[in-house]
Amino acid sequence: MSKRFLIAPSILSADFTRLGEQIAEAEAAGAEWIHVDVMDGHFVPNLTMGPFIVEACRRATNLPLNVHLMVEHPENLLEAFAKAGASHLIVHVETCPRIVSTLKLIRSLGCKAGVTLNPSTPVGSLEEALPLAEIVLVLTVPPGYSGQEFMAEEVSKIAEVRRRMDAIGSSAWLEVDGGISVQTISQVRDAGADAFVAASAVFGHPNGIAAGIQALKSALSS
Ligand code: DX5
Ligand code: ZN
């Protein structure tokens, strides 16, 4: 059986005057998840969206909402995001001194529990989280903005995370986020990723959202 790969367009680069239409277009073009980048202006310099936008996305699609929480003290916000309709809640290991209990809390709210780490954070920091995580997200840009350059030096980290997941028999998704494009997606796949976030390569594609998704899917299958 061929391996399953998922595309998760990040609405960070969407046109927010037409958010519902843009999500519908991504869904019609074959997007599997919708990625929502939540930034608090503290953990990362940028300030973006909260549960209110997740609730709007929930009304726009039935696709899983893959919510990436770049915030301090994420445990204070988990319930609000779950109530708003998040399907996956992904927390940064740097913000969770008690990562095991945070992941358990996410599961108790009925969401898939995800963990992520900054490019500067070593893979070893995931050790406690890996057995419980249902999604492991590796960042290939410093978090904060879309449209940044892919950090090729992070490819070996993806492979190391894949090795550690396989060693404990984890069936979690290994998702990669940052600078994903037709030029970079195949090396990320070859390192062991199976879910791919893309903001500018989808919403900023010169021929539109569907063309952006199709280009990524054909690069994945080549
Ligand atoms: C970066 C965000 C990413 C971002 C990706 O802080 O976590 O999800 O939207 O944007 P691109 O795909 O343009 O690198
Ligand atoms: Zn993200």
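Derivation of every value follows stated rules applied to the coordinates shown; laboratory data play no part. The structure presented is a predicted model; accordingly, all values stated were derived computationally and were not measured. Positions of Cβ are backbone-derived with ideal geometry, glycine not excepted, and every protein chain shown enters the neighbour counts.
Using beta carbons and a limit of 8 Å, which pairs, at least six apart or on different chains, have the first residue in the stretch 57-71 and of a type in the set (G, A, S) and the second one away from ligand 1 (no atom under 16 Å from the Cβ) and assigned to a helix (DSSP H, G or I)?
A60/G20; A60/A24
Select from the stretch 1-27 the residues that are part of a helix (DSSP H, G or I) and within 13 Å of ligand 2 (Cβ to nearest atom) and list them in ascending order.
Result: I11, L12, S13.
Take the stretch 30-62 and flag every residue that is away from ligand 2 (no atom under 15 Å from the Cβ) and either buried (at least 19 other Cβ atoms within 10 Å of the Cβ) or not in a loop (DSSP other than H, G, I, E, B) (or both).
Correct list: P51, F52, E55, A56, R58, R59, A60.
Would you mention how many residues in the stretch 196-211 are buried (at least 24 other Cβ atoms within 10 Å of the Cβ) and more than 10 Å from ligand 1 (Cβ to nearest atom)?
1
Conditions first: (1) touching a Cys at 6+ places or on another chain (Cβ under 9 Å); (2) assigned to a loop (DSSP other than H, G, I, E, B). F81 passes all but one, so which condition is the exception?
Of everything listed in (1) touching a Cys at 6+ places or on another chain (Cβ under 9 Å); (2) assigned to a loop (DSSP other than H, G, I, E, B), F81 misses just condition (2).
With respect to V136, is the statement that it is more than 14 Å from ligand 1 (Cβ to nearest atom), touching a residue at least 12 places away in the same chain (Cβ under 8 Å), buried (at least 22 other Cβ atoms within 10 Å of the Cβ) and under 19 Å from M70 (Cβ atoms) true?
For V136, the condition - more than 14 Å from ligand 1 (Cβ to nearest atom), touching a residue at least 12 places away in the same chain (Cβ under 8 Å), buried (at least 22 other Cβ atoms within 10 Å of the Cβ) and under 19 Å from M70 (Cβ atoms) - is met.
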